[in-house]
Amino acid sequence: MFSPRAAYVQVGALIGTIMVWNVFFQIIPGQKQMVNEIRAGKTPDPRPGIVGKQRSVHNTYFTLPVLFIMISNHYPMTYASKHAWAVLAVIMLAGALIRQYFVLRHVGKNAIALPAVAAVLLVGLAVLMAPNAPSQSAGGGIKFADVQLIIVQRCAVCHAEKPTFPGFPQPPGGVMLDTPERIQAAAPRIHQQAIATQAMPIGNLTKMTPEERTLLGRWLAEGASID
């Protein structure tokens with residue numbers, strides 16, 4: 001199944017590969033060639049320097065987008081929608097504008113409009129991506145026993161008084177989902193983390209399926225009853 005997160009990683013890997021290629025096959029060899037020509041008393045060919053500068057400029061604008069992609073696993077709301085590609089494109093554009101601001105600062109220009117436009121883009125993106133509250137529907141269709149089974153298998157291994165998942169000595173964020181009452185009390189957080197942003201389970205370590213998320217979402221929409 002197509003994974004927007006995997007697509008983010010692939011884009012980041014592609015950009016990172018281009019950056020490494022630029023350094024090791026264009027910038028460094030070009031510099032060595034020019035240095036060797038100068039040491040030999042020759043007039044250096046300017047082309048390697050021109051190409052090296054061009055590739056350095058490319059890498060400069062790639063830097064912030066790659067850094068964002070590297071940490072994007074912590075921000076699943078950016079890739080949880082079907083428009084994840086557009087979200088990434090806007091973030092990359094904002095990153096390029098911010099980087100251009102710093103490039104110009106190095107030559108004494110304070111083009112404050114560049115980070116301002118980037119900020120507007122990012123704030124507008126955050127507003128558009130803000131998750132909606134769960135829509136309410138008539139209850140009774142989803143049995144809590146089915147919901148509890150999913151939570152026990154996918155969530156409570158970490159979010160319990162005594163977690164059983166390796167590496168979790170205590171429940172993350174103090175959230176416990178090991179009783180019906182605790183599950184019901186955490187219903188808004190379950191919607192936010194498992195349905196709206198799909199941030200949890202973190203990295204989907206416990207392999208929650210899309211069908212299970214759908215069932216959880218329906219239970220929440222029906223009022224999160226534990227009866």
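What follows is calculated from the coordinates using simple rules that are stated; it is not laboratory data. Predicted model only: the values in this text are computed from it and were never measured. All Cβ positions, glycine included, derive from the backbone under ideal geometry; neighbour counts span all protein chains shown.
Here are the numbers for the structure shown:
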read-out	value
Set ALA7, ALA80: member being exposed (fewer than 15 other Cβ atoms within 10 Å of the Cβ), within 30 Å of GLU211 (Cβ to Cβ) and within 19 Å of the chain's Cα centre (by Cα)	ALA7
Segment 1-46: number of residues that are touching a Pro at 6+ places or on another chain (Cβ under 7 Å) and acidic (Asp, Glu)	1
Residue in segment 96-104 that is closer than 19 Å to GLU212 by Cα, in contact (Cβ under 8 Å) with a residue 40 or more places away in the chain, surrounded by 13 or more Cβ atoms within 10 Å (Cβ to Cβ) and not charged (D, E, K, R) present	no
Restricting segment 59-76 to residues that are crowded, with 17+ Cβ neighbours inside 10 Å and in contact (Cβ under 8 Å) with a residue 60 or more places away in the chain, the residue that is farthest from ARG213 (Cα to Cα)	ILE69
Total residues in segment 83-95, condition within 13 Å of TYR8 (Cα to Cα), in a helix (DSSP H, G or I) and either under 10 Å from the mean Cα position of the chain (by Cα) or not aromatic (Phe, Trp, Tyr) (or both)	7
Filtered residue count, segment 166-205, keeping only those that are part of a loop (DSSP other than H, G, I, E, B), of a type outside the set (Gly, Ala, Ser) and surrounded by 15 or more Cβ atoms within 10 Å (Cβ to Cβ)	11
Odd one out for ALA156, checked against (1) in a loop (DSSP other than H, G, I, E, B); (2) in contact (Cβ under 8 Å) with a residue 60 or more places away in the chain	(2)
Residue match in segment 27-38 (condition: surrounded by 11 or more Cβ atoms within 10 Å (Cβ to Cβ), touching a residue at least 40 places away in the same chain (Cβ under 8 Å) and within 22 Å of PRO65 (Cα to Cα))	no
Qualifying position, being within 23 Å of ILE183 (Cα to Cα) and among the aliphatic types (A, V, I, L, M), among ILE91, ILE151, ILE98, ILE69	ILE151
Options PRO166, PRO172, PRO201, PRO180; residue that is within 25 Å of ILE71 (Cα to Cα) and over 24 Å from the mean Cα position of the chain (by Cα)	PRO166
